[in-house]
Amino acid sequence: MALSKGLGLAITLDEAATVKVTLTVDKATARKLKLDPKAKKAVVVGTLAKSLSAGRSTVTVKLTAKARKALKKAKSVKLGVLLNAKDAAGNTGAKTAGVTLKR
């Protein structure tokens, strides 16, 4: 699993932009792993904000300490990945995906 170093993601951009990446687990998983026993919505387990140039880039999103500790006990976990990008002209774009981490 991507515990110590974080989750690596490949991102391709048409032009330079500021990218914000958010990793989440659903509320049921958050409760099961005791990340937030009273979770009412998805729980954020990692974030990254970075300026990237045009073309293909690889970024690593580090997990929170609490998430790393909780994920050590899990065999597999489904994460939601939300990526927002904003270029110099103010144009924005968003992309969502799902990733399964397995031991």
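Rule-based calculations on the coordinates, nothing more; no lab input. All values derive from a computational prediction rather than experimental measurement. Reconstructed Cβ throughout: ideal geometry from the backbone, glycine too, with neighbour counts over all protein chains shown.
Results, tabulated for the structure shown:
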quantity	calculated
Distance histogram in 10 Å bins (all Cα pairs of the chain, percent per bin)	15, 46, 27, 12, 1
Computed helical MRE - 222 nm, the chain, DSSP H runs ≥ 4 contributing -39500 (n - 2.57), nearest 500	-3000 deg cm²/dmol
Filter on Lys38/Lys62; Lys40/Lys102; Lys50/Lys86; Lys27/Lys69; Lys73/Lys95 - keep pairs with C-alpha separation over 20 Å	Lys38/Lys62; Lys40/Lys102; Lys73/Lys95
Inter-label distance for Lys20 and Thr58, nm, one decimal - labels placed 7 Å from Cα along Cα-to-Cβ	2.7 nm
Theoretical FRET efficiency, 1/(1+(r/R0)^6), r = Cβ-Cβ of Ala89 and Lys27, R0 25 Å, to 0.05	0.10
Estimated Rh, the stretch 3-49: Kirkwood, alpha-carbon pairs, angstrom	12.5 Å
